[in-house]
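Q: I have a structure here, written as structure tokens, and I will follow up with some questions on it.
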Amino acid sequence: NVGRKLFKDMTDKLIGGLGTLTTILFIIGFVGLFIINPQTYEELNNLSISGYNLDGMNAENWIKIFYIIVGLLNVIFAIGLFKLSDNKSIIVAGKILLLLSGAIWTTFGLINYDLSDFGTHLLAMRTIAVLAAGLFGLIILGAEIEKILNDKFLKYYTFATAGTILLLSILSIFVFWDETWIRTNISLTIYFVWFGVFGIKILQKKPAPNTGFV
């Protein structure tokens, strides 16, 4: 009926907005950090962007808030995906993996990164977990994307994003060890940009035709 269609259209717009906002705040967070703390590049040279919550770093509160907000937006977006399609296939696993990725990203704002061996290993494991969950989540969503939105570009873009992350991850494992974080930073960036592209596509979706009665 009309009421349900209106509710669905509003839900679609909300989720599209959340995806777009995730990418925007991801970009604003890092740009703002470099503006607030011009020494950021020297302090964080050759470090993963998942480790910017460094003990004793300037603008520490800013970066904590950035991690937490972006992570929570990721989580809420993933929860919203459950409303965009039925959950009777493997697509559920893709949604859960995106949710898990966002939850782990949030921990970067809750747990400071320290330069001890334990701190470095913990940072690496969480970063790998974010990318692994995101990678497999995108692969599953790409395969089932028609259940959410029948858009060929979004399907291929999702697969391309996952494929690029996979390729960079393989390179990080087998070659150029001294540049591992550079490829990790690229992977994290294209992963969070995907949310914005997905969100824009949902926002561009035409509302369902109004053919029923309340």
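FYI, it's all coordinate maths here, none of it is from the lab. All values reported here derive from a predicted model rather than from experimental measurement. Heads up, the Cβs are rebuilt from the backbone with ideal geometry, glycines too, and the neighbour counts pull from every protein chain shown.
Q: Alpha carbons only, please: Rg and Dmax for the stretch 82-148, in angstrom.
A: Every Cα atom of the stretch 82-148 included, Rg and Dmax give 14.7, 46 Å.
Q: Of the cross-linked pairs LYS8/LYS64; LYS8/LYS155; LYS64/LYS205; LYS64/LYS155, which ones have a Cα-Cα span greater than 28 Å in the structure shown? Write out the running numbers ahead of the final one.
A: Working: LYS8/LYS64 34 Å; LYS8/LYS155 21 Å; LYS64/LYS205 34 Å; LYS64/LYS155 33 Å.
Those over the limit are LYS8/LYS64; LYS64/LYS205; LYS64/LYS155.
Q: Then there is this: For n ≥ 4 DSSP H runs only, could you compute -39500 (n - 2.57) per run for the chain, divide by its residues and tell me the 222 nm figure to the nearest 500? Could you put the intermediate results ahead of the total?
A: On the way: 7 runs with 158 residues, N = 214.
Value at 222 nm, helices only, nearest 500: -26000 deg cm²/dmol.
Q: Largest first and in whole Å, give the semi-axes of the chain's equivalent ellipsoid, each being the square root of 5 times a Cα gyration tensor eigenvalue. Show your work: numbers first, answer last.
A: Details: eigenvalues 229, 72, 39 Å².
That gives 34, 19, 14 Å for the three semi-axes.
Q: Within the chain, which is the longest segment containing none of the chymotrypsin sites (Phe, Trp or Tyr not before Pro) that sit in a DSSP loop and have at most 12 other Cβ atoms within 10 Å?
A: With a cap of 12 other Cβ atoms within 10 Å, the longest stretch comes to 1-175.
Q: Residue separation times 0.36 nm, minus the C-alpha to C-alpha distance between ASN112 and VAL193: what's the value?
A: Values: separation 81, 0.36 × 81 = 29.16 nm, distance 2.47 nm.
Extra length available between ASN112 and VAL193 comes to 26.7 nm.
Q: If you don't mind, there's one more thing I want to ask. Please work out how much length the chain gains when fully extended from LEU14 to LYS88, using 0.36 nm per residue of separation minus the C-alpha to C-alpha distance, in nm with one decimal.
A: So the chain would gain 24.4 nm between LEU14 and LYS88.
Q: Using a Gaussian network model of the chain whose springs link C-alpha atoms within less than 10 Å, name the residue from THR164, THR120, THR20 with the highest mean-square fluctuation.
A: Maximum among the listed residues: THR120.
Q: Taking the Cα-to-Cβ direction at GLN39 and at ILE170 and moving 7 Å from each Cα, how far apart do the two end points lie in nm?
A: It is 4.2 nm.
Q: A follow-up question, please. Compute the whole-percent fraction of alpha carbon pairs in the stretch 38-165 spaced more than 17 Å apart. Kindly include the intermediate steps, with their values, before the conclusion.
A: Working: 4994 of 8128 pairs.
Every Cα pair in the stretch 38-165 considered, those over 17 Å come to 61 percent.
Q: Around PHE159, what is the net charge, scoring Lys/Arg as +1 and Asp/Glu as -1 over all other residues with Cβ under 14 Å from its Cβ? Intermediate values should be presented prior to the final figure.
A: Numbers: positive: LYS152, LYS155; negative: GLU144, GLU146, ASP151.
Neighbour charge sum, excluding PHE159 itself: -1.
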